[in-house]
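*Asks:* This structure is in structure tokens; I'll ask about it shortly.
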Amino acid sequence: MNRTRTIILSVAFVFAGCLEYHTTTTVRDDGSLLRTVAIRGDSLSTLAWDFAVAVDTTWTWERARTGDREWTLTLRREFASTDAFNAYQAGFAGSVLRSKVTVERSFRWFTTRFRYREVLPSVNPFRSIPLSDYLSSAELDMFLDHEVQKKELASARDSLAVENASDRFEAWARRNEFEALFGAIRTGVERLGDRTFTPESLDARHSDLTASYEALRDTGDVFDEKDFRRRKEAWLKQRKEAAMRRAAVLAYDSLEAIESRMAEMHRLMEFPHKATVVMPGLLTGTNARSIEGSSARWEDYLIVMYFQDFTFEAESVVTNWWAVVVTGLLAVGAPVAWFLSRRRRR
């Protein structure tokens with residue numbers, strides 16, 4: 001399990017200059033949102049305004065010392081609706097963790113029910129081969145329950161099964177990395193225009209080329225741009241065709257784009273994130289592990305976002321006391337009015 005976690009995160013969460021993010025979304029009765037982001041780190045990190053979440057200097061913000069070498073930058077912004085929030089994120093410049101929020105409001109006279117959903121898309125752009133080709137749904141569910149929900153594995157057998165699955169998880173990651181490399185090389189072959197070395201002839205060798213890449217060992221973590229560069233060079237040195245190396249030169253921009261996407265993915269996953277949603281009324285359901293009053297909190301969800309989308313879900317109910325009062329008055333007033341009207345008719 002520790003190996004799987006290392007493969008996913010590949011960077012230390014705690015070292016000098018790191019940032020920790022805690023995002024809180026407060027849902028109002030009218031469907032508006034208050035978004036609060038607390039960013040904790042050293043002085044320089046909190047002053048950089050180069051964050052992995054969608055915030056900028058237009059938010060109301062304050063910065064305070066919270067430790068000997070620790071500062072916390074707290075930002076707040078009101079959004080009139082989920083549409084306003086989603087539009088803000090969609091138009092945000094730069095590469096950040098984005099999400100899409102929906103709030104469903106259902107009026108039922110005595111109560112109003114709210115359902116909050118926030119979908120965070122996977123930060124991993126290298127997923128052309130589905131994880132289900134390497135891991136069963138049961139193995140994946142077991143991993144998520146253990147890593148995200150913090151559930152204990154039921155038996156030593158389950159623990160061993162998850163550990164054994166880590167090899168296939170790494171194989172999945174390495175295969176997807178190769179598919180990105182293969183696509184870039186194929187672009188170079190197209191640009192090469194060599195009738196003896198065509199994209200179709202490259203496609204015919206796909207299986208063999210995949211096997212040779214997957215056989216590379218001791219070359220670092222998957223999806224790390226520096227290690228990818230080393231693996232790419234080691235793999236190209238094994239190729240006997242000069243045309244293959246010329247194709248790689250012609251595909252320089254595509255290969256650089258792969259490294260850039262890898263670096264961006266690691267940047268977004270580099271530091272720990274927490275998220276809290278505060279619902280109106282009484283919390284009645286959520287997929288969060290931590291619940292306190294009307295608040296639901298999630299941690300470790302970046303692990304999931306390595307290979308799939310992640311969704312925050314929370315439901316609550318608000319008692320409409322005015323409806324209770326009105327109903328009570330009607331229940332009492334109607335018989336009284338009927339009785340008085342009968343007396344007047346007599």
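*Asks:* Straight-line reach from K274: which aspartates and glutamates have Cα under 13 Å away, leaving out those fewer than 8 places along the same chain?
*Replies:* E20, E299, D300
*Asks:* Right, something else. How many angstrom lie between the C-alpha centres of the range 196-249 and the range 61-140?
*Replies:* The two parts, judged by their Cα centres, are 37 Å apart.
*Asks:* Suppose each label sits 7 Å from its Cα in the direction of the beta carbon; what would the S207-D167 distance come out to in nanometres?
*Replies:* It works out to 2.2 nm between the two label points.
*Asks:* Suppose every Lys and Arg Cβ carries +1 and every Asp and Glu Cβ carries -1, with no other charges. What dipole size does the range 189-308 come out with about its Cα centre, to the nearest 20 debye?
*Replies:* Dipole about the Cα centre, nearest 20: 280 debye.
*Asks:* Give me the net charge for the shell around R115: Cβ to Cβ below 12 angstrom, other residues only, Lys and Arg +1, Asp and Glu -1.
*Replies:* -1
*Asks:* A further question follows. Quickly work out the T319-to-E264 label distance, labels modelled 7 Å from Cα along the C-beta direction, and quote it in nm with one decimal.
*Replies:* Result for the modelled spin labels: 5.0 nm.
*Asks:* Separate question: Once both labels are modelled 7 Å past Cα along the beta-carbon direction, what's the S290-S32 spacing in nm?
*Replies:* Here the modelled spin labels are 2.9 nm apart.
*Asks:* Given the Cα-Cα distance of S136 and L160 and 0.36 nm per residue of separation, how much length would full extension add, in nm?
*Replies:* 7.2 nm
*Asks:* So for the range 59-100, considering every pair of alpha-carbon atoms, how many percent are separated by more than 16 Å?
*Replies:* Roughly 55 percent, rounded to a whole number.
*Asks:* Given that compact globular proteins tend to follow 2.2 N^0.38 Å, what is the ratio of the alpha-carbon Rg of the range 237-322 to that value?
*Replies:* Relative to the rule-of-thumb radius for its length, the range 237-322 sits at 1.94.
*Asks:* Let me spell out the model: positive unit charges on the Cβ of Lys and Arg, negative unit charges on the Cβ of Asp and Glu, origin at the Cα centre of the range 220-265. What dipole size does that give, in debye rounded to 20?
*Replies:* 420
*Asks:* Once you keep just the Cα pairs under 8 angstrom separated by 6 or more residues, what percentage relative contact order results for the range 96-241?
*Replies:* Relative contact order here is 16 percent.
*Asks:* I would also like to ask the following. Mind checking which aspartates and glutamates have their C-alpha under 17 Å from K237, skipping anything on the same chain fewer than 8 residues away?
*Replies:* In chain and number order, the partners are D208, E214, D218, D227.
*Asks:* Taking H as built 1.01 Å from N, whose amide H comes closer than 5 Å to the amide H of D300, not counting residues under 5 places away?
*Replies:* H273
All of the numbers you see were taken from the coordinates with simple rules; none came from a lab. Computed from a predicted structure; not experimentally measured. All Cβ positions, even for glycine, are placed from backbone atoms using ideal geometry, and neighbour counts span all protein chains on display.
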